[in-house]
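Student: Once you've had a glance at the structure underneath, I'll fire off some questions.
The values are calculated or read from the model by the stated rules, or taken from the named source; none is laboratory data. If you're wondering where the values come from, they're calculated on a predicted model, not measured in any experiment. Quick reminder, even Gly has a Cβ in these numbers, built from the backbone with ideal geometry, and neighbours come from all protein chains shown. Accessible surface areas use protein heavy atoms only, side chains included; no ligands, DNA or RNA. Shrake-Rupley method; radii C 1.70, N 1.55, O 1.52, S 1.80 Å.
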Amino acid sequence: MKKISILVKPSSSKCNMNCSYCFYEDVSNHRQIKDYGFMKRETMQKLINQALSFVDEGMIHFAFQGGEPTLIGLDYFEEFIHYVNKKKKNQIITYSIQTNGTTLDDLWIKFLKENHFLVGVSIDGEQSHHDCFRPYHSNKGTHEDIMKNVEKLLNHGVQTNVLTVLNNDLADRIEETYAFFKNHNLNHMQFIPQIDDFNRSLSNKSLDNEHYLKFLKKSFDLWIDDIHHGNFTSIRYFDNMLLIYLGYEPESCDLKGVCSIQNVIESDGSIYPCDFYVTDPYKLGNIFEQTFENVHQSKIAKSFIDESLIRNDECYQCPWFKLCRTGCKRRRDASHKDIHCEVYKNFFTYADQSFLELAKKIESGYTIKS
């Protein structure tokens, strides 16, 4: 079955928050046009037509991201769904959105529920930590507004997970953060190491090896202890590691060992291979000029993928290469090693036996209960 996943940026780089570590703020500052404005109707329709043409009888996943994607307004999303439903034939269509959660009123939540959206909310745990890094442009904290809307999402049965940026400060409070999310019934967590900007000015300041290793070991202990007590909590990185131990392909792109084309669509219709590389040198084309077949076969697309296969020779001799696979190329140093290489070696040594035992239990029929 043919599949495609498309990441749509209907609000371009616009956002109502001023997060101190926003990677997309940095990405958009490294291209000639920082903000392409809100996506126009004809661009939206062209995108949908191109996607449906590419997948005659298969699956299409539309993911919406920003900036803050909801700033374009609910009308855009309602029209998007209506146009898809009018034009689709045998395709299976699914939707998700990554949002800061500040704008989600009752109408938004009703729409998300009715259209079966998976909603990812960006929130960094407890208020005392979150508001230090994720304020409005006025410097007012956002935590209280977000949590009110998260509670509404959960009360209405909207499938919700959380995305949390991991830095040194959060690594020091992982136990409190884990407990905070669980206490609010947010049992699907994703922790994203704070990414360096393109100039590497944040390197070793935002998340050093000592703090990252501390985080991995402690969060792993919490995760696996809950599993052993029949109370599964999803942490995406460990879930993916378990898939590898069970012999399956991980779903997280940074663990696949090679980059793929993620079909990022800026609001003007420009196509890019990855959310971390929405910059002019990596532009693959535009949906008004090229089909998805064209861009996937372009020289820039092939070069982007080939770049991810350049690895340090040491990696091939490493006993943990089957797990690490050198990670996301945005987090590699000049020698093509992951900047946290030593952390992963230490962590895999620490967690290997526990992963092996859990995988063996699952293969013998053990069921993880949520």
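Student: I'd like the full set of residues that are assigned to a loop (DSSP other than H, G, I, E, B), farther than 19 Å from residue 78 by Cβ, within 21 Å of the chain's Cα centre (by Cα) and without any contact (Cβ under 8 Å) to a residue 60 or more places away in the chain, limited to region 124-159. Spell out how you get there, then give the answer.
Tutor: If we filter region 124-159 for residues that are assigned to a loop (DSSP other than H, G, I, E, B), which is where we start, we get 124-126, 134, 137-140, 142, 156-159.
From what's left, farther than 19 Å from residue 78 by Cβ: 124-126, 134, 137-140, 142, 157, 159.
Those still in the list that are within 21 Å of the chain's Cα centre (by Cα) too: 124-126, 134, 142, 159.
124, 125, 126, 159, listed by residue number.
Student: With 124, 131 as the choices, which residue is of a type outside the set (A, V, I, L, M, F, W, C), open to solvent by 20 Å² or more (accessible area, probe 1.4 Å) and modelled with pLDDT of 95 or more? Reasoning before the result, please.
Tutor: Details: 124 fails: open to solvent by 20 Å² or more (accessible area, probe 1.4 Å).
Testing whether each residue is of a type outside the set (A, V, I, L, M, F, W, C), open to solvent by 20 Å² or more (accessible area, probe 1.4 Å) and modelled with pLDDT of 95 or more leaves just 131.
Student: Can you work out which of the residues in region 239-264 that are over 15 Å from the mean Cα position of the chain (by Cα) and of a type in the set (A, V, I, L, M, F, W, C) is surrounded by the most Cβ atoms within 10 Å (Cβ to Cβ)?
Tutor: Let us first name the residues in region 239-264 that are over 15 Å from the mean Cα position of the chain (by Cα), namely 241-249, 257-258.
From the residues that got through so far, the ones that are of a type in the set (A, V, I, L, M, F, W, C) too are 241-244, 246, 258.
Working: 241: 22, 242: 19, 243: 16, 244: 16, 246: 13, 258: 13.
Taking the candidates together, the pick is 241.
Student: Tally time: how many residues in region 323-343 are of a type outside the set (Lys, Arg) and in contact with an Asp or Glu (Cβ under 7 Å, 6 or more places away or on another chain)?
Tutor: Quick first cut of region 323-343, residues of a type outside the set (Lys, Arg) only: 323-324, 326-328, 333-336, 338-343.
Still in the running and in contact with an Asp or Glu (Cβ under 7 Å, 6 or more places away or on another chain): 324, 326-328, 339.
The qualifying residues number 5.
Student: What are the residues in region 274-320 that are in contact with a strand residue (DSSP E or B) (Cβ under 8 Å, 6 or more places away or on another chain) and of a type in the set (Gly, Ala, Ser), if any?
Tutor: Matches in region 274-320: 285, 298.
Student: Residues in region 330-351 that are loosely packed, with under 15 Cβ neighbours inside 10 Å and not in a loop (DSSP other than H, G, I, E, B): how many? Even if it seems obvious, please write down each step before you answer.
Tutor: Let us first name the residues in region 330-351 that are loosely packed, with under 15 Cβ neighbours inside 10 Å, namely 333-335, 342, 349-350.
Among the residues that remain, those that are also not in a loop (DSSP other than H, G, I, E, B) are: 342, 349-350.
Selection size over region 330-351: 3.
Student: Select from region 137-174 the residues that are of a type outside the set (A, V, I, L, M) and open to solvent by less than 40 Å² (accessible area, probe 1.4 Å) and write down the one among them that is nearest to residue 188 (Cα to Cα). Lay out the reasoning, then the answer.
Tutor: Here is the first cut: in region 137-174, the ones of a type outside the set (A, V, I, L, M) are 137-145, 148-149, 151-152, 155-157, 159-161, 164, 167-169, 172-173.
When the remaining residues are screened for being open to solvent by less than 40 Å² (accessible area, probe 1.4 Å), the result is 141-143, 149, 160, 164, 167-168.
Details: 141: 24, 142: 21, 143: 18, 149: 17, 160: 8, 164: 11, 167: 19, 168: 22 Å.
Filtering first and then ranking leaves 160.
Student: Say whether the condition of being closer than 28 Å to residue 187 by Cβ and modelled with pLDDT under 95 is met by at least one residue in region 202-220. Talk me through it step by step, then tell me what you get.
Tutor: Start the filter on region 202-220 by keeping residues that are closer than 28 Å to residue 187 by Cβ, which leaves 206-207, 211-220.
Now drop any that are not modelled with pLDDT under 95, which leaves 206-207.
Taking every residue of region 202-220 in turn, at least one turns out to be closer than 28 Å to residue 187 by Cβ and modelled with pLDDT under 95.
Student: For region 279-303: of the residues being touching a residue at least 60 places away in the same chain (Cβ under 8 Å) and in a loop (DSSP other than H, G, I, E, B), which is surrounded by the most Cβ atoms within 10 Å (Cβ to Cβ)?
Tutor: The first filter runs over region 279-303 and keeps only residues touching a residue at least 60 places away in the same chain (Cβ under 8 Å), leaving 279-280, 287-288, 291-293.
Right, trim to in a loop (DSSP other than H, G, I, E, B) and you get 279, 287-288, 291.
Details: 279: 15, 287: 23, 288: 13, 291: 13.
For region 279-303, the residue satisfying everything is 287.
Student: Only residues that are hydroxyl-bearing (Ser, Thr, Tyr), closer than 18 Å to residue 212 by Cβ and within 25 Å of the chain's Cα centre (by Cα): list them for region 329-370, please. Full working, then the answer.
Tutor: Kept after step one, since they are hydroxyl-bearing (Ser, Thr, Tyr), are these residues of region 329-370: 335, 344, 349-350, 354, 364, 366-367, 370.
Filter again for closer than 18 Å to residue 212 by Cβ, leaving 344, 349-350.
Once the filter is applied, which keeps residues that are hydroxyl-bearing (Ser, Thr, Tyr), closer than 18 Å to residue 212 by Cβ and within 25 Å of the chain's Cα centre (by Cα), region 329-370 yields only 344.
Student: If residue 318 satisfies every condition in (1) touching a residue at least 12 places away in the same chain (Cβ under 8 Å); (2) within 25 Å of the chain's Cα centre (by Cα) but one, which is the exception?
Tutor: Result: residue 318 passes all but (2).
Student: Of a type in the set (A, V, I, L, M), open to solvent by 10 Å² or more (accessible area, probe 1.4 Å) and outside any loop (DSSP other than H, G, I, E, B): is that true of residue 224 in this structure?
Tutor: On the way: of a type in the set (A, V, I, L, M): yes; open to solvent by 10 Å² or more (accessible area, probe 1.4 Å): yes; outside any loop (DSSP other than H, G, I, E, B): yes.
Answer is yes for this residue.
Student: (1) touching a strand residue (DSSP E or B) at 6+ places or on another chain (Cβ under 7 Å); (2) buried (at least 18 other Cβ atoms within 10 Å of the Cβ): which one isn't true of residue 234, the others all being true?
Tutor: (2)
Student: Read through the list (1) open to solvent by less than 10 Å² (accessible area, probe 1.4 Å); (2) free of Cβ contacts under 8 Å to residues at least 60 places away in the same chain; (3) within 21 Å of residue 65 (Cα to Cα), then give the number of the only condition that residue 116 fails.
Tutor: Residue 116 satisfies every listed condition except (1).
Student: While we're on this one: Those residues that are free of Cβ contacts under 8 Å to residues at least 24 places away in the same chain and either among the β-branched types (Val, Ile, Thr) or not in a helix (DSSP H, G or I) (or both), I need them from region 228-278; list them, please.
Tutor: Residues of region 228-278 that are free of Cβ contacts under 8 Å to residues at least 24 places away in the same chain, as a first pass: 228-229, 238-240, 243, 247-252, 272.
The answer is 229, 247, 248, 249, 250, 251, 252, 272.
Student: Scan region 4-31 residue by residue and report those that are modelled with pLDDT of 95 or more and among the basic types (Lys, Arg).
Tutor: If the condition is that a residue be modelled with pLDDT of 95 or more and among the basic types (Lys, Arg), then 9, 14 are the ones that fit.
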